[in-house]
Amino acid sequence: MGVDNKEVFRDSISTIDEQGKRSWIYPKKPKGKFYNYRTWLSVFLLTILLSAPFIKINGNQLFLFNVIERKFNILGFPFWPQDFYLLVISMLIGVVFITLFTVIYGRVFCGWVCPQTIFLEMVFRKIDYWIEGDKGAQKRLAKQEWNADKIRKRVSKHILYLLISFIISNVFLAYVISSDKLLKIITEPISEHIGGFISIWIFTGVFYFIFSWFREQVCIIACPYGRLQGVLLDNKSIIVAYDYIRGEATKGRAKFRKNENRAEEGKGDCIDCDQCVEVCPTGIDIRNGTQLECVNCTACMDACDFMMVKTNQPKGLIRYASEENIEKNEPFVFNLRMKAYTAILTILVIVLISLLTVRSSVQANFFRVPGELYQVKENKSISNVYTYKLVNKTSLDVDSLSFKLLSHPKGKIELVGTDHILLKTQAIFEGTVFVEIPKADLEDSNETIKIGIYKNGEEITSTKTHFLSPKNGW
Ligand code: SF4
Ligand code: SF4
């Protein structure tokens, strides 16, 4: 992009030097409107992230991703292996959602919502600024010889890193094994939970490694979503973009001089102050154009706006815009494509929420007993025998369940071998019933019947099955 159109920066990444060694990044502490917005959003998201596994709806953890036992809760809706199709649909919707979202809004997710960015920029980086100071002080500390001051700062910083990594590890496990099991690991003797105890410390180590050392490399090297940007973004996607038309003008960027008339001299609005580079947590120069390393954190937007105000120039030299907006020098508009994609995204979310909410917390299935046809009773009724299976998908016991024949109100359902159904939490209850229907109410020899499952007189779910009776003329 830029007037020189130099593309050499694409041959290397800013975090690795020519010898292939890690080049540590010390971004300047951002400040400005967008950073404030991101801080507030981070507080909100961190509160949700850290508390969600400890919130329960109808006894179900709000979010649970227990891959080992194949138990998943999304927004308090439990998914059982029987619901696997819903999980697959959710994942498909998720993939389409992410694709469409990225095509329109670029890496907004990375900058504002991604837990990696939030923890790194809003928690760990703030610890760096608090203990070691801003960019310059951090660099000096890194270069200076070890002394009492350096040891004190480094030790206290890493103790805090470890403590927060420990907290993240615990919350992460609460999402994976459930908060109830986590609390048991914490409160009961270690000898009873050796595996869980070791897991907590392994994940603490992993998070400590990520946030103390690996840092922005996650976004640049490891994150698959980051790697996908190259194929998902086009010149209409919204990105954090440098307005090179305005910034470079005819004679290119140039340092600021008092009382100059930059427009007359053909100088661009970019005063080459490098503040946008100084604040960048991935160490890139956004003036080179769209780059894989850019996580859309907006720090450069704030930094540049600050310089624009200082030099009495309009803000927004670096701003949210598409490459096409910049090229055609047109303002950002919420165009038809964005409206259409956003409408599709909204519909997908509605479909997903509908799929989740129409599900019952108790699943019932009635199966005809193989080999059994029907019985003709003396009272001119027909009887069929069924086995049933009830699945409790909640974390609460469901007591005193009863059945009602909804399709044939004059018919009846008789429990065999029990008169009380207690469906234990996350358990399966199986049994046998006779369904009896007056022959006058039957229209077909193979008729669909609907059975309602009730608790305290309230229908909680229903199911359908087939009812056999003699063919016409019986
Ligand atoms: S270029 Fe700007 S938006 Fe992108 S990562 Fe760097 S500071 Fe953040
Ligand atoms: S902060 Fe703005 S003015 Fe300064 S170098 Fe970056 S783009 Fe140019």
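The values are calculated or read from the model by the stated rules, or taken from the named source; none is laboratory data. Keep in mind it's a predicted model, so treat the numbers as computed, not measured. No Cβ is skipped: glycine too gets one built from the backbone with ideal geometry, and neighbour counts run over all protein chains shown.
Laid out as a table, the results:
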item	result
Within region 1-103, strands (runs of 3 or more DSSP E) holding 1 or more residues that are at pLDDT below 80	77-79
Single unsatisfied condition, T99 versus (1) out of contact with any helix residue (DSSP H, G or I) (no Cβ under 7 Å at 6 or more places or on another chain); (2) touching a residue at least 60 places away in the same chain (Cβ under 8 Å)	(1)
Condition broken by V295, with the remaining ones in (1) under 20 Å from F34 (Cβ atoms); (2) away from ligand 2 (no atom under 16 Å from the Cβ); (3) assigned to a helix (DSSP H, G or I) satisfied	(3)
Test result for D243, within 16 Å of ligand 1 (Cβ to nearest atom), of a type in the set (D, E, K, R) and more than 23 Å from W24 (Cα to Cα)	yes
Check on Y129, at pLDDT 95 or above and either among the polar types (S, T, N, Q) or under 26 Å from the mean Cα position of the chain (by Cα) (or both)	no
Any hit, region 366-377, residues being buried (at least 19 other Cβ atoms within 10 Å of the Cβ) and assigned to a strand (DSSP E or B)	yes
Checklist (1) under 22 Å from the mean Cα position of the chain (by Cα); (2) surrounded by fewer than 20 Cβ atoms within 10 Å (Cβ to Cβ); (3) within 16 Å of ligand 1 (Cβ to nearest atom) applied to P224, failing item	(3)
Whichever residue in region 260-300 is within 15 Å of ligand 1 (Cβ to nearest atom) and β-branched (V, I, T) and, among such residues, is surrounded by the most Cβ atoms within 10 Å (Cβ to Cβ)	V295
Hits in region 317-333 - residues which are at negative phi and either touching a residue at least 40 places away in the same chain (Cβ under 8 Å) or within 14 Å of ligand 1 (Cβ to nearest atom) (or both)	L317, I318, R319, Y320, A321, S322, E323, E324, N325, I326, E327, F332
Selected residue (only one of S402, S395, S381 is within 30 Å of P53 (Cα to Cα) and surrounded by 14 or more Cβ atoms within 10 Å (Cβ to Cβ))	S395
From the options L422, L390, L415, residue that is touching a residue at least 40 places away in the same chain (Cβ under 8 Å) and either closer than 28 Å to F72 by Cβ or not assigned by TED's automatic domain parsing to the domain that holds F63 (or both)	L390
Flag for K410 being modelled with pLDDT of 95 or more and not assigned by TED's automatic domain parsing to the domain that holds L64	no
Residue ID - farthest from ligand 1 (Cβ to nearest atom), chosen from residues in region 227-240 that are of a type in the set (S, T, N, Q) and under 21 Å from N329 (Cβ atoms)	N235
Residues being in a loop (DSSP other than H, G, I, E, B) and within 16 Å of P281 (Cα to Cα) - total across region 114-155	3
Some residue of region 156-168 being assigned to a helix (DSSP H, G or I), modelled with pLDDT of 95 or more, among the charged types (D, E, K, R) and out of contact with any strand residue (DSSP E or B) (no Cβ under 6 Å at 6 or more places or on another chain)	yes
Any hit, region 242-251, residues being in contact with a strand residue (DSSP E or B) (Cβ under 8 Å, 6 or more places away or on another chain), under 23 Å from C300 (Cα atoms), modelled with pLDDT of 95 or more and surrounded by 17 or more Cβ atoms within 10 Å (Cβ to Cβ)	yes
Pair list, Cβ under 8 Å, 6 or more apart: region 280-297 residue assigned by TED's automatic domain parsing to the domain that holds A222 and in contact (Cβ under 8 Å) with a residue 40 or more places away in the chain, other residue within 7 Å of ligand 1 (Cβ to nearest atom) and of a type in the set (G, A, S)	C280/A299; P281/A299; V295/G111; N296/G111; C297/G111
Residue in region 367-378 that is aliphatic (A, V, I, L, M), under 30 Å from I57 (Cβ atoms) and at pLDDT below 95 present	no
Restricting region 316-343 to residues that are exposed (fewer than 15 other Cβ atoms within 10 Å of the Cβ) and of a type in the set (K, R), the residue that is farthest from V96 (Cα to Cα)	K328
Restricting region 301-316 to residues that are touching a Lys or Arg at 6+ places or on another chain (Cβ under 9 Å) and in a helix (DSSP H, G or I), the residue that is farthest from ligand 1 (Cβ to nearest atom)	V309
Subset of region 135-159 (residues that are within 16 Å of K28 (Cβ to Cβ) and surrounded by 14 or more Cβ atoms within 10 Å (Cβ to Cβ))	K135, A137, Q138, K139, L141
